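*Asks:* Can you keep this structure in mind? I'll have questions shortly.
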Amino acid sequence: RGRCFIVASMAKIIMQALREYGEQNGISHEAIFQMVRPGLVVKKVTEEEFVAFLGTIPDLCGRSDVAFSEEQRMAIFQQVDAAKDGAISKADFLKMFSDRYICVKEVAITQACENSPNNGAAGHNLGHLQVDDVVDALEQPNIDQSTGCTRLRVHVLKNQSTGWVTMREPDGVMNLNAYTAYQSFIRDLDVRMLKLHVASQKASAFIHSKSVDLQESKQGPLMEAQSTLSRMRPKVSVLQAKIDQLQKRVDECKLQHSKREEFERRKQEEKQQKQATSNLLNQTSRMRERLRSASDKLQDAAAPFISKSESELGRIEEPITMRSAALAVIEKMKRLIVQAKAIVPDEESKIDATKRAFPDVGREIEQLHSDLQSAEEHVYTTAKLVRNACQGVASAKWSEAAAVLRSTILSRGITTQDLYTELAHMGKGRISESASLTYAENVGGDFHLSPEQRQLLLQRGDAHGMSRGSFLAWVERYYKCRKTIVITSDFDINRSSTSRKLDVDEYVELLEGPKIDEGVGVVRLRGRALSDSTLGWITERGSQGTCFLEEAPKPRMVVTQEVAMQEDFAGEVPCSIRALKPGEVIDVTEGPRKEPAASLLRARGKMRSDGAVGWFTMKNRHGEECIEPNQTIFACLAGVALTDDMDIKNCNLVRKLEVGEVMTLLEGPVDNVASITRIRVRAAKDRAEGWVTMKGSAGKVFAEEIGQFCVVTRAVPLQTNQKSELSTTLRMLAAQELLELLEGPKEEKSTTVVRVRGSALTDGRVGWMTLNKLSLQAWTCTYQCTQATPITENGVATSRALRQLQVGEVIEMLDGPREAGSGMLRLKGLAEKDGIVGWITIIDAKGMNCLACTGLA
């Protein structure tokens, strides 16, 4: 029996060596069995073959402690040969790898390896192992990093079930101990010894009981029986003493063996724990190395985009290919990070638990956790860098193309508006971005685009092409003065004359440059000051890095109240071009410029056409009469000639008056010999003076008196207050309108007026406007919804709605504003809430505001 225990121990050592060899080299237990007879399909091996194979294990595994004698190897074969047929089957061999354990502390059996609280729920907990239950290990022990305990998948012998149990608790307490042949023998011996004790006690009790019963018998068979029992008593006592002595020896041997077994068990546990720890350490170390390698590859893939200036980015010929390569590495690294996270616990407390249970593993995992954080940050920053760099490539090429167009505009002596009109006419109303780039390549000389650069630039384009506003914003670049600097005549500062000083906050339109003056080390550009259109060269950045000009968005203003646009700078607020409606956006092209203070005449009146009452300017600050005072007014009833003399026979035609025109009476009526009544008048339409026939010789009436009225001779606004600068415009008064004077005229001392020149994004009309905080304010691209309105898929208000825009939502304007009929004004915008892009109404058909520019005070 003792020999059996020794042989079993030797077999266990050999199988542990083979297990480690298989794990290190990725070889399965079945493949190891095939190594007994290489090159052949092996089902059984003979004693000779098996013993010879065991002799090769020391060299195979590099372990001298498994070098056993031939006699010992033969004994191992005989123990493994379960069928005693002189051969070992594959099943016999694989069974040698199986470790058997005995339960020493009640523990739950679960379906899953993870020992989480959820495993105790119905369907996860399969039952409990009781003390002394025996199990076979189906896999190697596994460290659960979330708890720090060691888990083992087992086969329970008593009911043939399988599941996962906790072999070792985080605090080191063992629930399972290795179950050896010796333990099996001891269990059988304890049963036998117990039976001996029970039998001897029963015999002693029987003799004692019967002796008491027969102690009164003095003769006959009962007396003989009593004598026999008396003789048997010492023998039973001797036997009990021997059994006690045997039990004592057994206990002593068990104690000695327990000490040896405990020593061996601890060695085995340490070995197993070391193996499990080593596996996890190797896994963690390999993962860290893979992360470092992937990080290096990502750095190499992103290298072409790193630390590049805009001009350098513009020289990248294949940005899309390079971006795809970098993003592919990023995706691989993301997958690797997911794998690494499966190793690292997701909570600091769990990492601490692993560190307490397995210090080496805990430190490595902690380092892997740090590497993971670095890798995730690297992935995020690199992905952002690559995206920004590709945008930088596009921006660089767009900037180059815009510079080419600016140069073309300058050389041809035209405006950006002129070029837009020219290209838009070619593109039937809008300019395709592809056509714009092609035009820039055709006129740009050195400017060209690679196929990938063109593809990248057009990816962000609008399928409907560029609007007027987006074209102007692309081509034109502006700077804002941050520190007073002079405007000079030439690029070379030393040979230049000073035109004037540029004041802080003045805007400059870029015409040429910027470029470096190598002689003095400054960056210079040629520009036009918006305030007075002064042209010249300006220092953008000094030799010491001082910033004089800072690039700024194109200056725009939004109309908040109807405002007049006029053709010339000099003139009253009324315009001779058109009235700008609330919501329209103006590109500022010149100004702000001050108009000196002056006096004007204001009056209050009632309009003959619609009964509207309000204040208006009769004579503007330049002395120009806008409304003629009370006059006798005639209206033209039929087309009639306006002549330069009263005598019809001796006169010349000035022009023909149309039906409805109004005239101010200057002289007459005068009757001539032909019974024709003539009057001398001044036409309100164009101030033309002359004679007209009031009544013909046949009695036909060509003009009749309509009363005493004031006549509007120049378009002026009808306003709410006497003070023009503080008034709200009710509507514009058109030339030839008649009104009844109710109050005034009164002189008004006006303050200095600031005016700007700009183009309306809706129709491109250009003119001068008075800068008034009630009517014009600084524009931003951000709008806020003030009244729920739909976001539609195109510029037509009745097109399909994408969703309803709610009050308070923020919109970024991408295109527009655009007139949509019925007085509606619409823009194309991006909803901040969910990124939806569509068309939204700014002003609806009823004149209600649906969107408000957030830049307004």
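*Asks:* For the range 384-426, report the % of Cα-Cα distances exceeding 11 Å.
*Replies:* 69 percent
*Asks:* Which far-off residues, 5 or more places away or on another chain, put their amide H under 5 Å from the one on Arg678, with H placed in the peptide plane?
*Replies:* Amide H neighbours of Arg678, under 5 Å, 5+ apart: Val670, Asp671, Asn672, Met694.
*Asks:* Something else now. In terms of modelled amide H atoms, which long-range or inter-chain residues lie less than 5 Å from the amide H of Asn175?
*Replies:* For Asn175, whose amide H was placed from the backbone, the distant partners under 5 Å are Arg168, Glu169.
*Asks:* Moving on. Any idea what % of Cα-Cα pairs in the range 495-650 are farther than 29 Å?
*Replies:* 50 percent
*Asks:* Same structure, new question: Grab the DSSP H runs of the chain that are 4 residues or longer, score each as -39,500 (n - 2.57), total them, divide by all residues and round the 222 nm result to the nearest 500 deg cm²/dmol.
*Replies:* Here the helix-only value at 222 nm equals -12500 deg cm²/dmol.
*Asks:* Please list the equivalent ellipsoid semi-axes of the range 677-808, computed as the square roots of five times the alpha-carbon gyration tensor eigenvalues, in descending order and whole angstrom.
*Replies:* 45, 24, 16
*Asks:* Among 9-17, 678-686, 604-612, what's the highest-first ranking by average C-beta atoms within 10 angstrom per residue?
*Replies:* 678-686, 9-17, 604-612
*Asks:* Could you give P(r) for the range 729-782, binned at 10 Å from zero, as whole percent values over all Cα-Cα pairs?
*Replies:* Going out from 0 Å in 10 Å bins, the range 729-782 shows 14, 34, 34, 15, 2 percent.
*Asks:* Are any of the pairs Lys202/Lys254; Lys202/Lys242; Lys297/Lys334; Lys12/Lys95 more than 18 Å apart by Cα-Cα distance, and if so, which?
*Replies:* Cα-Cα > 18 Å for Lys202/Lys254; rest within.
*Asks:* For Lys43, go through the aspartates and glutamates and keep the ones whose alpha-carbon is under 18 Å away, minus same-chain ones fewer than eight residues off.
*Replies:* Counting by Cα, and skipping residues close in sequence, Lys43 has these aspartates and glutamates nearby: Glu30, Asp81, Asp85, Asp92.
*Asks:* Now for a separate question. Give the distance, in whole Å, between the Cα centre of the range 622-662 and the Cα centre of the range 679-727.
*Replies:* 9 Å
*Asks:* Using only the alpha carbon atoms of the range 732-857, find the Kirkwood hydrodynamic radius as the inverse mean reciprocal pair distance, in angstroms to one decimal.
*Replies:* 16.9 Å
*Asks:* Using a Cα-Cα cut-off of under 12 Å, which aspartates and glutamates could be cross-linked to Lys606, ignoring same-chain neighbours fewer than 8 residues away?
*Replies:* Candidates past the 8-residue exclusion: Glu737, Glu740, Glu743.
*Asks:* What are the ³J(HN,Hα) values, in whole Hz, obtained from phi via the Karplus relation 6.51 cos²θ - 1.76 cosθ + 1.60 with θ = phi - 60°, for each residue of the range 795-802 in sequence order, with x given for Gly and Pro?
*Replies:* For the range 795-802, the Karplus-derived couplings read x, 7, 4, 8, 6, 4, 7, 7 Hz, x marking Gly and Pro.
*Asks:* Can you sort Arg687, Arg477 by solvent-accessible area, 1.4 Å probe, largest first?
*Replies:* So the residues, ranked largest to smallest area, are Arg687, Arg477.
*Asks:* Taking the radius of gyration and the Kirkwood hydrodynamic radius from Cα positions alone, what is the Rg/Rh ratio for the chain, to two decimal places? Mind dumping the intermediate values first?
*Replies:* Details: Rg = 52.6 Å, Rh = 38.9 Å.
Ratio of gyration radius to Kirkwood radius: 1.35.
*Asks:* Work out Dmax and Rg for the range 568-705 from the C-alpha atoms and quote the Rg first, both in angstrom.
*Replies:* When restricted to Cα atoms, the range 568-705 yields Rg and Dmax of 19.8, 63 Å.
*Asks:* Here's something else I'd like to know. Using the Kirkwood radius over C-alpha pairs as Rh, can you work out the diffusion coefficient of the range 446-567 via Stokes-Einstein at 10 °C, viscosity 1.306 mPa s, in µm² per second? All intermediate terms of the calculation are to be shown ahead of the outcome.
*Replies:* Working: Rh = 16.8 Å.
For these conditions, the coefficient is 95 µm²/s.
*Asks:* Convex hull over the Cα atoms of the range 14-80, averaged projected area in nm²?
*Replies:* Values: hull surface 17.8 nm².
Hull-based average projected area comes out at 4.5 nm².
*Asks:* Stokes-Einstein diffusion coefficient for the range 761-812 at 20 °C in a medium of 1.002 mPa s, Rh from the Kirkwood formula over Cα pairs: what value in µm²/s?
*Replies:* 154 µm²/s
*Asks:* Calculate, for the chain, the solvent-accessible area per residue in square angstrom, rolling a 1.4 angstrom probe over the heavy atoms of the protein chains.
*Replies:* 51 Å²
*Asks:* Give me the percent of the accessible area of the chain that comes from carbon and sulfur atoms, probe 1.4 Å, all protein chains in place.
*Replies:* 51 percent
*Asks:* Within the P(r) computed for the range 363-503, what percentage of the Cα pairs occupies the region above 17 Å?
*Replies:* When every Cα pair of the range 363-503 is considered, 72 percent fall beyond 17 Å.
*Asks:* For the chain, give the magnitude of the charge dipole about the Cα centre (Cβ charges: +1 Lys/Arg, -1 Asp/Glu; no others), in debye to the nearest 20.
*Replies:* That gives the chain a dipole magnitude of about 2280 debye.
*Asks:* Looking at the range 477-558, which GluC sites (Glu not before Pro) are in a loop (DSSP not H, G, I, E or B) and have at most 13 other Cβ atoms within 10 Å?
*Replies:* Hits after loop and neighbour filter: Glu518.
*Asks:* Let me know the volume per residue of the alpha-carbon convex hull for the range 1-115, in Å³.
*Replies:* 162 Å³
*Asks:* Oh, and also: In vacuo Debye scattering of the range 117-251, one point per C-alpha: log10 I(q)/I(0) at q = 0.18 Å⁻¹?
*Replies:* Normalising to I(0) and taking log10 leaves -1.03.
*Asks:* Under the rule of at least 5 residues apart or a separate chain, name every residue whose amide H is placed under 5 Å from the amide H of Glu595.
*Replies:* For Glu595, the qualifying residues are Val753, Val754, Arg755.
The values are calculated or read from the model by the stated rules, or taken from the named source; none is laboratory data. This one's a predicted model, so the numbers in the text were calculated from it and none came from an experiment. Backbone-built Cβ (ideal geometry, glycine too); neighbour counts: all protein chains shown. In case anyone asks, the SASA skips ligands and DNA or RNA and just uses the protein heavy atoms, side chains included. Shrake-Rupley method; radii C 1.70, N 1.55, O 1.52, S 1.80 Å.
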